[in-house]
Structures are given as C-alpha cells and as structure tokens.
C-alpha cells in the first residue's frame, strides 16, 4: 500500500499536481463515494430540469433570456450546456466539489497554520455539508459551484504582500461566483470590512484603493456578459431576468406584503441589515481582543447569513453559502483552548437561529443512501427507484421517449404543468415560447398571453395532464390538433396540419 502512495506522489510531481496529505486524499475519496448515488438519479428535480432545458437551448443556438428564460446569471446554464446530460452534469459537480475541497484545505492550512487537528475537522465538516443530501449537496445548485470562487479570492486577499493585480484577480473570482448566483456578491464586503477592522481606519486610503480595485475586478466578468448579450440583442432581457427580477424575488415568498408600504414590506430585510451592521460594529469595537481569523470567520458568517435569508425562502441549499465559515468556527470551538472557543458559540448560535426561524427544510440522508443500496443490489426495481423521487418520473420518461421517436430535435413541443421541464430535458425538445415551466408564465406573463404566443408558433405536440388544465389552449387544440396518445394522465395532442416541405 505504501508503494502505491509513493507512485501516486511521483506521478503527481510529474504532472505538477500539488502534493496532498494522505488524510486529505482519504477525505476526497470518501466524498466521491458519497456522490456516486447522485450519478444514478433520474430526471426529476425541478431546478435541475430547468438548467438542463436552458443548457439544451444553448446547444441548439437559442439566446438565453431572449428566446428561453430563467432568472439566474448564465454560468450555470452554460455548464449545463457543456455537460449535455444530467449524468455528466452530476460528474462535473462532483469533481468541482472535490477541487473546491482542495482549495478549502489550502485556505484552512493558511489560516490555522500548523494546527492540523483544526484543519482536518474544518475540512471534514466542509466536505460533508457540501455533499450530503441534508443541505442538497448532491443536487445541482449554484451554491455548490460558486463557493470555490470566494475561497480562491480569500486565498489571494488574505496575503500580507497583497498587490493591486492580486486584488483585481480576486475581484474577478468574486464576479465569476456572482455569475453563478448573485448572492455570492455578499462575500465581497466581508473582506472590505475585514480590512477596516484589522488594519484600522488610519489606513483608509489603502483600503479605499484596494476596494475600488476589487470592485473593478468584480465588475469585469459581469461587463463581459453585458457586452455579449448586447451583441446578441438580449441585453434588456438579460438585465431584467438575471438582476432586476431578483429584487422582487426578495419579497416573493410573502406575496401578501406586496401592497403594503415600503418600510412595512421591507422591515424584515432592514432588520437583518441592521443585525449585520451591528455585528460588524461589535467586532470593530473588540478588535484588539480578537484574533484576525476569528474576526474573518465571524464577518463571513454574518454576511453569508444575510445572503441566505434574503428571500426568506426555506431552501436548504441556500445554507451551503455559509458552510465554509461555519466549518472554521466549529473547528475553533473544538480545538482551541482560549476565549475564542467560547465566543465561537455566538455566531454559531446565530447560524442555528436562521434556519430554525425561517423553518428551512432539511432532506433525509440515511434513507437516501439506503434506497440506493437497495437499487444497486437489485432489491428495488428501476421503476420503483425512480418513482421514489417523484411519482410522475416514469410517466415523464415515457412521454419523452414518445417525443424522441415521433419528432426531430428542431421540433417544438409544449407541456403545461410542474413536470414540463423534465420532459423538455429528457426529450431534448424545446417549447415554442421562452418560458420553460408553469411558474415562469404565472410570474412573468399570463396563460392567455402565452396561449396567443403558442398559437402564433404552434408546436408539433401539446401535452396536457388531467390535474393541470389549460383552458386557454383548448380553442387552438380543437382547431388544429387531435389526440394521438395518452400516457398515464397525460394527453398528447399532435398538430393536424403541417407546413409543406420546401
């Protein structure tokens, strides 16, 4: 066994791969094993299906936001386009996470220096919390992708011999994180306030200069995307979808508050902002009694919790953004024998308070792996395993198979209901309108308007289910379509008159 490790280290040296300790390689191996069941998941999870559908749109040459819509920045959709299938998307996510853990190890080694016990504990916690189903670590979400850029930025920004080009590069990394999801932008103020607290207001000129350079670096990748979509004729749609609509997203989980006065409607957000600034001010007051790393971890926790609670939505993958500083704080709590061991309880308690107060969902972990073991050992059939994720999974696969055998990739199809994106992603067929799922239409348009848009560009097939009626489409169906197939509770209508071949 020893000779195997020696050969691995020799090979890594020839390939210029950084040498990693054996214990870290063991952790990486464990994390990869824990991710293996995700490679066999069916097409079912709503957000993943939207990403895959937009990725398919990119592969077919349509323009994001203008021709096909979702409300996130483009990098996640481009990654979906590169992957081409859910299996390869999960593989990319797995290796992305492993690389993230390696850079997190480098940050832990820098911050904890020779305290290997703290390094190990932080890395184990980080690896597990960004992987286990508990916080949707196995699910494709922007948070798992974007945290590597914050870690890379901090590896640069925490150096003592910081150069302007390093600050600019760190800003670029933070900007790339924001192009996966905008809440990543809240990691940028962490370092600015860290400078103010640890270096003091007397160095305000240097801090201001570095802050401006950091902002310029952050803006650079965003500016590139603005230019790209300007030339694609989709800049207004891009800005509205990926940036402006996310402002309204903050209160969308409290729709009843929309008509209330501004201060009343945004009172929870203002309170959270006050708590964030108050926590920062307290760290400044007691800065001489605290270590720099404790200040960093506390600031990082406070600002990521603010980002996590922005929309007040209880989705557990939001919490992944705060896993890095929490892992460090827990490492301090269990390994350091001084005052900060006790003080770590304060930000950790705040971290516990947020998901409890906002009633964040948590996903089962043990049962997830037990079900996979039963499937892998043939004690559960493929159909039963797939339907365990969603009762409509097998039906969606049947619909998609029908579309694949009955149409060309260029043919448009339309399905109404929460499973539409799964059918589009499985069949690699796109809708005749820009909206992919039902809530896109309900939040950004109307069923009547989109029925008119569909009528002006009638798809080859329309699929309606008995539990999701679309009465506005019935006149079009009656005039130009006939029922060709019934799959489960889904009726598949085919266009009765096709354009003549050229």
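Observations on the model:
- The single condition among (1) crowded, with 20+ Cβ neighbours inside 10 Å; (2) within 29 Å of the chain's Cα centre (by Cα); (3) within 20 Å of residue 494 (Cα to Cα) that residue 468 does not satisfy is (1).
- Any hit, the stretch 360-383, residues being outside the structural domain of residue 273 (by TED's automatic domain parsing), under 26 Å from residue 121 (Cα atoms), outside any loop (DSSP other than H, G, I, E, B) and in contact (Cβ under 8 Å) with a residue 24 or more places away in the chain: yes
- Residue in the stretch 183-205 that is surrounded by 22 or more Cβ atoms within 10 Å (Cβ to Cβ), part of a loop (DSSP other than H, G, I, E, B) and touching a residue at least 60 places away in the same chain (Cβ under 8 Å) present: no
- Residues of the stretch 376-390 that are more than 20 Å from residue 134 (Cβ to Cβ) and in contact with a helix residue (DSSP H, G or I) (Cβ under 9 Å, 6 or more places away or on another chain): 376, 379, 380, 381, 382, 383, 384, 385, 386, 387.
- Residue within the stretch 320-333 that is over 28 Å from the mean Cα position of the chain (by Cα), surrounded by fewer than 21 Cβ atoms within 10 Å (Cβ to Cβ), assigned to a helix (DSSP H, G or I) and at pLDDT 95 or above present: yes
- Verdict on residue 174 being under 28 Å from residue 352 (Cβ atoms), in contact with a helix residue (DSSP H, G or I) (Cβ under 7 Å, 6 or more places away or on another chain) and not in a helix (DSSP H, G or I): no
- Taking the numbered list (1) surrounded by fewer than 16 Cβ atoms within 10 Å (Cβ to Cβ); (2) under 16 Å from residue 491 (Cβ atoms) in turn, residue 460 passes all entries but (1).
- Residue ID - nearest to the chain's Cα centre (by Cα), chosen from residues in the stretch 216-246 that are more than 18 Å from residue 63 (Cα to Cα) and surrounded by 17 or more Cβ atoms within 10 Å (Cβ to Cβ): 246
- Selection over the stretch 129-153 of residues that are in contact (Cβ under 8 Å) with a residue 60 or more places away in the chain, more than 10 Å from the chain's Cα centre (by Cα) and assigned to a helix (DSSP H, G or I) gives a count of 6.
- Filter result (in contact with a strand residue (DSSP E or B) (Cβ under 7 Å, 6 or more places away or on another chain) and either farther than 15 Å from residue 418 by Cα or without any contact (Cβ under 8 Å) to a residue 24 or more places away in the chain (or both)) within the stretch 387-406: 398, 402, 403
- Selection count, the stretch 440-481, where residues are assigned to a strand (DSSP E or B) and modelled with pLDDT of 95 or more: 6
- Residue in the stretch 114-125 that is crowded, with 19+ Cβ neighbours inside 10 Å and in a loop (DSSP other than H, G, I, E, B) present: no
The values are calculated or read from the model by the stated rules, or taken from the named source; none is laboratory data. Given the structure is predicted, the values throughout are model-derived calculations rather than measurements. Reconstructed Cβ throughout: ideal geometry from the backbone, glycine too, with neighbour counts over all protein chains shown.
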